[in-house]
1. Among the residues in segment 63-86, are any part of a helix (DSSP H, G or I) and in contact with a Cys (Cβ under 8 Å, 6 or more places away or on another chain)?
2. Listed residues Leu99, Leu7, Leu46; which is under 26 Å from Ile126 (Cα atoms), open to solvent by less than 70 Å² (accessible area, probe 1.4 Å) and in contact (Cβ under 8 Å) with a residue 60 or more places away in the chain?
3. Out of Leu200, Leu182, I need the residue that is open to solvent by 70 Å² or more (accessible area, probe 1.4 Å), part of a helix (DSSP H, G or I), in contact (Cβ under 8 Å) with a residue 24 or more places away in the chain and not charged (D, E, K, R). Which one?
4. State whether the residues of segment 123-138 include one that is modelled with pLDDT under 80, more than 12 Å from Asp211 (Cβ to Cβ) and out of contact with any strand residue (DSSP E or B) (no Cβ under 9 Å at 6 or more places or on another chain).
5. Taking into account only those residues within segment 102-137 that are among the β-branched types (Val, Ile, Thr) and open to solvent by 50 Å² or more (accessible area, probe 1.4 Å), which is nearest to Pro76 (Cα to Cα)?
6. Determine whether segment 206-221 contains at least one residue that is among the polar types (S, T, N, Q), closer than 22 Å to Asp23 by Cβ and under 12 Å from the mean Cα position of the chain (by Cα).
Amino acid sequence: SLLLSFLIHFDFKPFEDDPVELDQFYVSIDLFKPSHLANAYCHALLVFFTLYIGFNVTALGMNLQGFSTIPVFKNPLFASRTPTEFWTKRWNTMVHSSLKHGIFLPAKLMFGPKLSLFLTFIVSGIYHEGSWSVLFYNPEKLVHQNDTELFIPIKGKVTAFFFYIGIIMLLERPLGKQEPFLWMSKHLPTIVISILLSVLHLPFAHWYFGDWIVGGYFSDFSLGLWHIRKL
């Protein structure tokens, strides 16, 4: 709630020298500016804590009914040492399990592990595109196409973000054998490596969560939490 209050106060851009439009789909040098990376890290923390709270509240309801549950998020932003560990063992293990058994393993029988891995992330992007369609669904969108209050996400952004992740995953093994990365893996503490992994994703991360911000999801979500607003 404090993080959400902080970001709402600054209209989700506490580092103001950030020209990137969060709901747009383009590539430019601005994506690598420190101010954009800093804002994107704040947004990533917000997305993580929002999903973490949501899944844990749901798990608590199941636990009270006598069902056991397993953690869906296992501290991905602060305990991951590789992209593979982040995406396959710590971030949203429920979706990962579904994609692993529903896409990766069957595809692996036909295409091999590398192409199957890349295909899995593409399917994950398409799956999330569908989720966004539900999240921002408006039954009157066909009637009010010119309504400036209506938010319609740009198609393809989320899939492009997962395309980028797929490239990172494919490059992990060959680059991980290089001396600079071997040195970092041996000498840097886990928290530092986790932050560096996050920075690797941040230039394009708004393709994933920018629609949540501009589309008003977090503003609406804040109504269900205690938070601080300037009057």
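1. The answer is no, given that none of the residues of segment 63-86 is part of a helix (DSSP H, G or I) and in contact with a Cys (Cβ under 8 Å, 6 or more places away or on another chain).
2. On the way: Leu99 fails: in contact (Cβ under 8 Å) with a residue 60 or more places away in the chain; Leu7 fails: under 26 Å from Ile126 (Cα atoms).
Among Leu99, Leu7, Leu46, only Leu46 is under 26 Å from Ile126 (Cα atoms), open to solvent by less than 70 Å² (accessible area, probe 1.4 Å) and in contact (Cβ under 8 Å) with a residue 60 or more places away in the chain.
3. Exactly one of Leu200, Leu182 is open to solvent by 70 Å² or more (accessible area, probe 1.4 Å), part of a helix (DSSP H, G or I), in contact (Cβ under 8 Å) with a residue 24 or more places away in the chain and not charged (D, E, K, R), namely Leu200.
4. Yes, that holds for at least one residue.
5. Ile126
6. Within segment 206-221 (the criterion being among the polar types (S, T, N, Q), closer than 22 Å to Asp23 by Cβ and under 12 Å from the mean Cα position of the chain (by Cα)), the answer is no, since none of the residues qualifies.
The values are calculated or read from the model by the stated rules, or taken from the named source; none is laboratory data. Note that the coordinates shown come from a computational prediction; the quantities given were computed from them, not determined experimentally. Methodologically, a virtual Cβ is constructed for each residue, glycine included, from the backbone with ideal geometry; neighbour enumeration extends over all protein chains shown. Keep in mind that these areas ignore ligands, DNA and RNA; they rest on the heavy atoms of the full protein, side chains included. Shrake-Rupley method; radii C 1.70, N 1.55, O 1.52, S 1.80 Å.
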